[in-house]
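The next block holds one structure in the form of structure tokens; read it before the comments.
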Amino acid sequence: MSSFVIEASGLSKSFGPTRALAGVDLSVRTGESLAIMGASGSGKTTLLHCLAGITRPDAGTVGFRSGTGQVEITGLSERECSRLRREAFGFVFQQGLLIPELTAVENVALALMLNGMPRGRAEQHGRGWLAALGLAGMEDRRIGQLSGGQAQRVAIARAQVTGASVVFADEPTGALDSTTSSEVMQALLDSTTGQGRTLVLVTHDASVATRCSRIVDMRDGRIVGERVGAAEVAA
């Protein structure tokens, strides 16, 4: 059986005259932390979005190995893609994209409620995740009452609470200072690969990328290099 959870082949994507991806092949191993690096405009975020089924490539395929077998993401309908993203994938973005009118626990529980879980049970699960990420006692604060690092921990909890096997993170520490960035990155690694899950993140920060087990470098829509990260060396 393949040890890869995601396998992409020949991904190409253009936005008008701009070619964002130019025939990218990439396989993501189960349980690894993979950093995708590159300058602005290199195609790294477009690649992440194609792997996660957010953006449909113009050409190429993306396969995802779930607990029930292999799924070709690029062959799914939009409704099927939405369900896959909701049930199997988690997402952490630079600004968190949390709902400011809701409390921390409500933001986390919402992901479960969208999958049909009753509110009381969903909030119980959410409180457990927030406590595990060092936010015990802050569950009922609104997002504006949290620091940037605390808000990103809420986003990490929301990404994981559904039991996602793969977490995609787009510049998850980009809006944080260096100390907070390091703390949030550690929380992200502990709660993903530390629990046997897979992490795929986009970053321009070398100090973040080197914390991962593998790094791929992008330029002009292509992967131009691959390196081993500190997590792999330590292992």
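The values are calculated or read from the model by the stated rules, or taken from the named source; none is laboratory data. Note that the structure is predicted; figures quoted are calculated from it, not measured. Please note: Cβ atoms are built from the backbone with ideal geometry, for glycine as well, and neighbour counts cover all protein chains shown.
Criterion first (outside any loop (DSSP other than H, G, I, E, B), touching a residue at least 60 places away in the same chain (Cβ under 8 Å) and not hydroxyl-bearing (Ser, Thr, Tyr)) does residue 11 satisfy it?
no
Grab the helices (runs of 4 or more DSSP H) fully contained in region 116-235, keeping just those with 2 or more residues being small (Gly, Ala, Ser) and either closer than 30 Å to residue 22 by Cβ or in contact with a His (Cβ under 6 Å, 6 or more places away or on another chain) (or both).
Output list reads 206-209, 230-234.
I need the full set of residues from region 82-103 which are more than 13 Å from the chain's Cα centre (by Cα), surrounded by 19 or more Cβ atoms within 10 Å (Cβ to Cβ) and of a type outside the set (A, V, I, L, M), in order please.
103
Identify the single condition in (1) more than 29 Å from residue 210 (Cα to Cα); (2) touching a helix residue (DSSP H, G or I) at 6+ places or on another chain (Cβ under 8 Å); (3) at pLDDT 95 or above that residue 35 does not satisfy, given that it satisfies every other one.
(1)
For residue 193, are the conditions met, namely being in contact with a Gly (Cβ under 8 Å, 6 or more places away or on another chain), of a type in the set (Ser, Thr, Tyr) and surrounded by 18 or more Cβ atoms within 10 Å (Cβ to Cβ)?
Yes; evaluated as a whole, the condition is true for this residue.
Just one of the numbered conditions (1) closer than 20 Å to residue 66 by Cβ; (2) in contact with a His (Cβ under 8 Å, 6 or more places away or on another chain) is not true of residue 31; which one?
In the conditions (1) closer than 20 Å to residue 66 by Cβ; (2) in contact with a His (Cβ under 8 Å, 6 or more places away or on another chain), residue 31 misses (2) alone.
Considering only region 16-60, how many residues are without any contact (Cβ under 8 Å) to a residue 60 or more places away in the chain, touching a Ser or Thr at 6+ places or on another chain (Cβ under 7 Å) and in a strand (DSSP E or B)?
Total satisfying the criteria: 2.
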